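The values are calculated or read from the model by the stated rules, or taken from the named source; none is laboratory data. These figures come from a predicted structure and were not determined experimentally. Glycine gets a Cβ as well: all are built from the backbone with ideal geometry, and neighbour counts include every protein chain shown. Heads up: the accessible areas ignore ligands, DNA and RNA and are worked out on the full protein's heavy atoms, side chains in. Shrake-Rupley method; radii C 1.70, N 1.55, O 1.52, S 1.80 Å.
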Amino acid sequence: MKKITNFENKKVLILGLARSGEAAARLLAQLGALVTVNDGKAFEENPAAQALLEDGIKVICGSHPLELLDEDFEVMVKNPGIPYTNPMVEKALATGIPVLTEVELAYLVSEAPIVAITGSNGKTTTTTMIADLLNHAGQSALLSGNIGFPASEVVQKAKKNDTLIMELSSFQLMGVEEFHPHIAIITNLMPTHIDYHGSFEAYVEAKWNLQNRMTQEDYLILNANQAISHELAAKTNAKVLFISTEKEVDGAYLSDGKLYYQGEYIMDADAIGVPGIHNVENALATIIVAKLLGVENAVIAESLAHFGGVKHRLQNAGQIDGVTFYNDSKSTNILACQNALSGFDNEKVILIAGGLDRGNTFDDLVPDLKGLKKMVLLGESAPKMKEAAEMAQVPSIDAKDIANATRIAFSEASQGDIILLSPANASWDMYPNFEIRGDEFLKTISELKGEA
C-alpha cells in the first residue's frame, strides 16, 4: 500500500458505515486523517460504530445532522448506497467539499494494478471467474469491491505483484475522479437502478466513469452484441476489445460452438463449467483478460471447465434421485431469468419464479417459458407470472414461500429433470435480500436430501 499524504491531518467525514464505510474509516485513520463517522443506525445497535469508537475514531450515530458539516471537513467519503440527493451530500457539494466513494480512496493507495468489472448483469460471475483463473495460473488475484470485499480493506494487503479484480456498481462509479484501471470490462448495459439514477442515460454515464482516466496503454472490453457498445467504443481513449456470441470480432467470440480469441481456438463452449449463453459471454471476457495477462490457452480452458459458479448465481446446488437443483436467486429481472433458461432444455425444467411486484408484465419472458415442464409461482407478482405461464401454455402451481415451492417442485420432478430457482423478480416482498431467499432454497434442498 502506498503511504500517501493526501489526507494527513485533514478532517474527513465518512457518511454511512456498512463494511465499506468501516474499511474506509480505518484506512483514512491509518493515513493520518482526522476521521468522523456518521451513520443513521443507532449506536447501541451498531457494532461497527462501537468498534471504531473503541479504536479512537469519532462516531455520530442515529441521524445525519446537517450542522455536522459546519465543522470544516475537507473531504466526505460517501457510502455508495447513499444517493447524491441526500441533504448531507447536497450540502457538502454546495459548500465545495469533495465527495468520494471508498473505491476512489482505495485506488489512491493501491500498489497493485486493477482489473475493473461493471455492467448490469454478470459482474459477480465474471469477477469471480477472472480471479479463479488467474490464481489457477499461478498469479495472485485478489477479489475486491462490490463483491463483498471492500476495496479500501483489500488494498491494504495488496502488493505490487498482486492484481485487484474489482467489481464496481454504478453507485460506486459515480464518485470516482482519479480511478484508473489497466483493464476494464462493461459486461452489458440494461435499464437498471433507474429509481436511483433518474434515467438510463444517467445510469450509463455513471458506468462510463470507469474509463475516464484510461489511455491507449489500457484495455476496455465491451459487449459487441449491444449497439450501445459500438457508440461508446468511439468515445474512449483505451484500446477496445469486444466479446460476442453472434459474430467474429476484434477480441473473443463464439463461433460454431467454440470460443476464440483473435482467431485462436481456446475451448469448446459446452466445456464451460456453468450453463447458459450469458456465462459464455462471461467466459469470453475472462479469456480476454487472461490472454492480456499472459495465461496459456490450456490453463484458461482447464480453469473455465472447472468453474462451478457463484452462490445464488446459477449455482449448481446438487442432485437428489437424479433431479438437479440450480440456485439463481440473484435473478431479480426478466433478462437474468432469460439467461438462466437459455442454458437448459425447457422440457426438463421446473421453474420457481415470482417475487416483488414492480408493476411490469412478463410478456417479454413468454417465449423463453414455452416448453417448460412446469412453473411454481410465489410472491406478489405470482398472478402476473401465471398470466405469462398461461400465454406460454405452461402449467403452474402456487406456493406460499421458497421452502414450499422447492418441495412442490421436487414432488413434480422426475429423474433427469432440473429444478431452477430463477425468480425474475426482486425478493423484498418476502425476503430481505436475494441471498436469504437463495439460502432458504439451499436449506430446503439439504432437508430433502436428508429425507431421501
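Quick notes
- Which listed residue, of 33, 29, 18, 25, is open to solvent by 20 Å² or more (accessible area, probe 1.4 Å), in contact with a strand residue (DSSP E or B) (Cβ under 6 Å, 6 or more places away or on another chain) and in the same structural domain as residue 78 (by the TED database): 29
- Total residues in the stretch 148-174, condition over 25 Å from residue 120 (Cα atoms) and among the polar types (S, T, N, Q): 2
- Qualifying residue in the stretch 348-361 (condition: closer than 30 Å to residue 143 by Cβ and in contact with a Gly (Cβ under 8 Å, 6 or more places away or on another chain)): yes
- Within the stretch 239-281, being hydrophobic (A, V, I, L, M, F, W, C), within 27 Å of residue 334 (Cβ to Cβ), surrounded by 22 or more Cβ atoms within 10 Å (Cβ to Cβ) and touching a Gly at 6+ places or on another chain (Cβ under 7 Å) holds for 242, 243, 274.
- Any helices (runs of 4 or more DSSP H) falling wholly within the stretch 193-242 and containing at least 2 residues that are at pLDDT below 95 and not charged (D, E, K, R): 194-197, 200-208
- Residues satisfying the criterion are absent from the stretch 112-123 (criterion: in contact with a Gly (Cβ under 8 Å, 6 or more places away or on another chain) and of a type in the set (S, T, N, Q)).
- Residue check, residue 82 in a loop (DSSP other than H, G, I, E, B) and buried (at least 18 other Cβ atoms within 10 Å of the Cβ): yes
- Condition met for residue 300 (surrounded by fewer than 19 Cβ atoms within 10 Å (Cβ to Cβ) and touching a helix residue (DSSP H, G or I) at 6+ places or on another chain (Cβ under 9 Å)): no
- Number of positions in the stretch 398-429 that are among the hydroxyl-bearing types (Ser, Thr, Tyr), closer than 19 Å to residue 344 by Cβ and open to solvent by 50 Å² or more (accessible area, probe 1.4 Å): 1
- Residue list for the stretch 371-428, filter: of a type in the set (S, T, N, Q) and in contact (Cβ under 8 Å) with a residue 12 or more places away in the chain: 381, 393, 396, 404, 406, 414, 415, 422, 425, 427
- All of 269, 252 fail the test of being modelled with pLDDT of 95 or more and under 23 Å from residue 208 (Cα atoms), apart from 252.
- Residue list for the stretch 261-303, filter: within 20 Å of residue 226 (Cβ to Cβ) and either small (Gly, Ala, Ser) or touching a Phe, Trp or Tyr at 6+ places or on another chain (Cβ under 6 Å) (or both): 269, 276, 283, 285, 287
- Checking each residue in the stretch 173-186 for being farther than 18 Å from residue 292 by Cβ and in a loop (DSSP other than H, G, I, E, B) picks out 174, 175, 176, 177, 178, 179.
- Here residue 189 meets the list (1) crowded, with 22+ Cβ neighbours inside 10 Å; (2) not in a loop (DSSP other than H, G, I, E, B) almost entirely, failing just condition (2).
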